[in-house]
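Reviewing the structure listed below.
Every number here is computed from the coordinates shown, using simple stated rules; none is lab data. Being a predicted model, the structure only gives us computed values, none of them experimental. Here Cβ is always computed from backbone atoms with ideal geometry, including for glycine, and neighbour counts include all displayed protein chains.
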Amino acid sequence: MTAAQNARRRLPVLVVEYFETGRNLMKGKPAPKDLHRFRLATKHLRTTLEIFRPCYGKGMEVRIDQLRGVQNRLGEINDCATTLALLKPAAKYKSAAARLNKRAAERTAAFYQSWRQTFEPPQQESRWRRYFSSFAREQSASRKKQ
C-alpha cells in the first residue's frame, strides 16, 4: 500500500480512539497520572500525523497545531504535579506547594476549556475522521525529491 492508502486506512481509526479517550477523560476528575497518559497519547497521535504530513494539505497543519496545544497544556499540568511530588516531603515548602496547586488547577481548567472548544463540538470527530479518510493524496515525484 502507498503512504496515502495507509493514511486513509489507519488515521481515521486512531482519531476515533483518541476522541473516545478524550471524552472518557473529560467525564470524571482525572488524576495527574491520567492526564499525563493522555498527554502521551496526544503526542503519539501528533507524531503519527507528522509522518503523514506530505499526504495532506494545510488542514493537517491545523490539526497538528491543535494537538500540540493539548500536549503543551497537559505538559504544564504534569510539570506542576512532578514539582509537587518533589516538594511534598519538605513541610517548609507549603506556600510553594499551594501556588503550584493553584497553577495546576488553573492549567487543568484551561485544558478542559480548550478541549471543549476544539474537540467537543458535535461534528469535530466526524470532521477529523472524514478528513483523514478522504483527503490523503499521493506524493508527486517532484515533491518526493525535495
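Mean-square fluctuations from a GNM of the chain, with a 10 angstrom spring cutoff on Cα atoms, peak among Ala136, Ala90, Ala98 at Ala90. In the chain, if the dipole is taken from +1 on Lys/Arg beta carbons and -1 on Asp/Glu beta carbons about the Cα centre, which of Thr83, Met60, Val70 is farthest to the positive end? Towards the positive end, the residue furthest out is Thr83. Rounded to the nearest 10 degrees, the angle from helix 3-27 to the longest Cα principal axis of the chain is 30 degrees.
Positive end of the dipole of the chain (Cβ unit charges, origin at the Cα centre): among Thr48, Ala104, Tyr93, the Cα lying farthest that way belongs to Tyr93.
Based solely on its DSSP helices, what 222 nm [θ] is calculated for the chain when runs of n ≥ 4 H residues each add -39,500 (n - 2.57) and the sum is averaged over all residues, nearest 500 deg cm²/dmol?
Result for the chain: -27000 deg cm²/dmol, rounded to the nearest 500.
Each part gets one Cα centre, and for region 1-53 versus region 80-99 those centres are 32 Å apart.
Taken over the chain, lysine pairs spaced eight or more positions apart, or on distinct chains, with alpha carbons under 17 Å apart number 5. Rounded to the nearest 0.05, the FRET efficiency derived from the C-beta distance between Arg68 and Tyr93 at R0 = 30 Å is 0.40. Computed about its Cα centre, the charge dipole of the chain is approximately 160 debye, with only Lys, Arg, Asp and Glu carrying charge at their Cβ.
Each semi-axis of the equivalent ellipsoid for the chain is √(5λ) with λ an eigenvalue of the Cα gyration tensor; in descending order they amount to 36, 16, 12 Å.
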